[in-house]
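For reference, the structure discussed in these notes is given below.
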Amino acid sequence: MTAVSIRLARPEDAAAVAALFRQLGYPSTADEVRERLLEHGGDTVRALVAEHEGKVAGIIVVNLIAPLHVADRWALVSALATNEAIRGAGIGAALLGEAERFAREQGCSRIELSSSESRTRAHAFYVQNGFGEVRKRFVKQM
Ligand SMILES: CC(C)(COP(=O)(O)OP(=O)(O)OC[C@H]1O[C@@H](n2cnc3c(N)ncnc32)[C@H](O)[C@@H]1OP(=O)(O)O)[C@@H](O)C(=O)NCCC(=O)NCCS
């Protein structure tokens, strides 16, 4: 496993995070990402980055959900990407591990995410990391 440290994303990471979001297929400018990092710094969203050799090499964003029909909270991973130049080195698993630790700390009883049908390598990664595929997902674009 590559030497990597996980820390909270900071506004100055915006350009590197925007590059990762582009690799994920969600293009945003560094300014847009900076604004979102500043705006969404509250208790219900946590953006963590992986730093490798002094550079941001991965990002995970965890959103907390508070349903009313159960007492627990749930965690939703809304984005996860590692730099394509260094995939397969354990950075994704390290980010997911930290996200799980955060979710547990916050009283979440589960952590979940959606992944496009085409991301078959990512699906294998989630299964390797203990996730199981459940249910159908219904989405309406607004
Ligand atoms: C999925 C992803 C976050 C995993 O991060 P990572 O740093 O490569 O993960 P790890 O090194 O901890 O785990 C490696 C495993 O991830 C999977 N994997 C997925 N895409 C991979 C890639 N491009 N290269 C290498 N491994 C990949 C494999 O199952 C691999 O296991 P293996 O080495 O036994 O084949 C990363 O590959 C990525 O950013 N992919 C593109 C964006 C994406 O699909 N994000 C998830 C959206 S739901």
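The values are calculated or read from the model by the stated rules, or taken from the named source; none is laboratory data. Keep in mind the model is a prediction, meaning the values are calculated, not measured. Counting neighbours? That spans all protein chains shown, and the Cβs are built from the backbone with ideal geometry, glycine included. Surface accessibility is based on the protein's heavy atoms, side chains included, excluding ligands, DNA and RNA. Shrake-Rupley method; radii C 1.70, N 1.55, O 1.52, S 1.80 Å.
Values as computed for the structure displayed
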read-out: Cα pair distances in the chain, grouped into 5 Å bins until the bin that holds the longest one, percent each; value: 2, 9, 19, 23, 22, 16, 8, 2, 0
read-out: Sites residue 142 and residue 53, calculated FRET efficiency, Cβ-Cβ separation with R0 41 Å, nearest 0.05; value: 0.50
read-out: Cα→Cβ-extended label distance, 7 Å offset, between residue 2 and residue 109, nm; value: 3.8 nm
read-out: The chain, relative contact order in percent, only Cα pairs under 8 angstrom and at least six apart counted; value: 21 percent
read-out: Estimated vicinal HN-Hα couplings, Hz - the stretch 74-83 in sequence order (Karplus 6.51, -1.76, 1.60; Gly, Pro = x); value: 10, 10, 10, 7, 8, 7, 8, 8, 10, 4
read-out: Most positive-pole-ward Cα, 45, 132, 75, against dipole of the chain from beta carbon charges; value: 132
read-out: Heavy-atom accessible area per residue - the chain, 1.4 Å, Å²; value: 66 Å²
read-out: Apportionment of accessible area to carbon and sulfur, the stretch 5-128, percent (1.4 Å); value: 49 percent
